[in-house]
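Below is one structure, written out as structure tokens; comments come after it.
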Amino acid sequence: MDFNASLRRAIKTGNVVLGQNETEQCIKEGKAQVVVTARNCPENFRNRIISEKNLYVHTFDGSSVALGKACGKPFMVSALAIVDPGESDILTLKRA
């Protein structure tokens, strides 16, 4: 699986929430299927979401700038939540 291509397809065809606050809200509402954090995501945020049960958290091997670019956005993205993958195969991360 090409992570960047799968992520862009999920953003284009599904429902992806960008940002720490929005991601945390999505987790609290039980909507997040997968959470992706940048390598430089703040440790306190990462520790809070890792403690959630039944939530898969993937660490992107890059900075928040690189994750933003992978999303096709001109800004930093330190965390995002996949609510609906659309036509993407990004949920295969949970099985990897």
- Query: Among the residues of the range 66-74, is any among the basic types (Lys, Arg), closer than 16 Å to ASN4 by Cα and in a helix (DSSP H, G or I)?
  - Reply: yes
- Message: Return the pair list, or none, for Cβ contacts closer than 9 Å from residues in the range 52-69 that are within 20 Å of GLN33 (Cα to Cα) and among the polar types (S, T, N, Q) to residues that are surrounded by 15 or more Cβ atoms within 10 Å (Cβ to Cβ) and modelled with pLDDT of 95 or more, at least 6 apart or on different chains.
- Response: THR59/VAL36; THR59/THR37; THR59/ALA38; THR59/CYS41
- Would you mind stating whether GLY62 is of a type outside the set (Lys, Arg), under 14 Å from PHE3 (Cβ atoms) and loosely packed, with under 12 Cβ neighbours inside 10 Å? no
- Residue that is surrounded by the most Cβ atoms within 10 Å (Cβ to Cβ), among those in the range 11-34 that are touching a Gly at 6+ places or on another chain (Cβ under 9 Å) and in a helix (DSSP H, G or I): ILE11
- Task: For ASP61, indicate whether it is among the acidic types (Asp, Glu) and in contact with a Gly (Cβ under 7 Å, 6 or more places away or on another chain).
- Result: no
- Return the pairs, sorted by first residue and then second, in which the second residue is assigned to a strand (DSSP E or B) and hydrophobic (A, V, I, L, M, F, W, C), the first residue lies in the range 71-96 and is within 11 Å of TYR56 (Cα to Cα), the beta carbons are less than 6 Å apart, and the residues are 6+ apart or on different chains. ALA81/VAL17; ALA81/VAL35; ILE82/VAL16; ILE82/VAL34; LEU93/VAL34
- Message: Just to be sure I understand, how many residues within the range 35-65 are outside any loop (DSSP other than H, G, I, E, B) and over 19 Å from ILE11 (Cα atoms)?
- Response: 8
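One line per residue, one yes/no per condition, for (1) crowded, with 19+ Cβ neighbours inside 10 Å; (2) at pLDDT 95 or above; (3) out of contact with any His (no Cβ under 8 Å at 6 or more places or on another chain):
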position	(1), (2), (3)
ILE49	yes, no, yes
PHE75	no, yes, yes
ILE82	yes, yes, yes
PRO85	yes, yes, yes
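The values are calculated or read from the model by the stated rules, or taken from the named source; none is laboratory data. Keep in mind it's a predicted model, so treat the numbers as computed, not measured. Glycine gets a Cβ as well: all are built from the backbone with ideal geometry, and neighbour counts include every protein chain shown.
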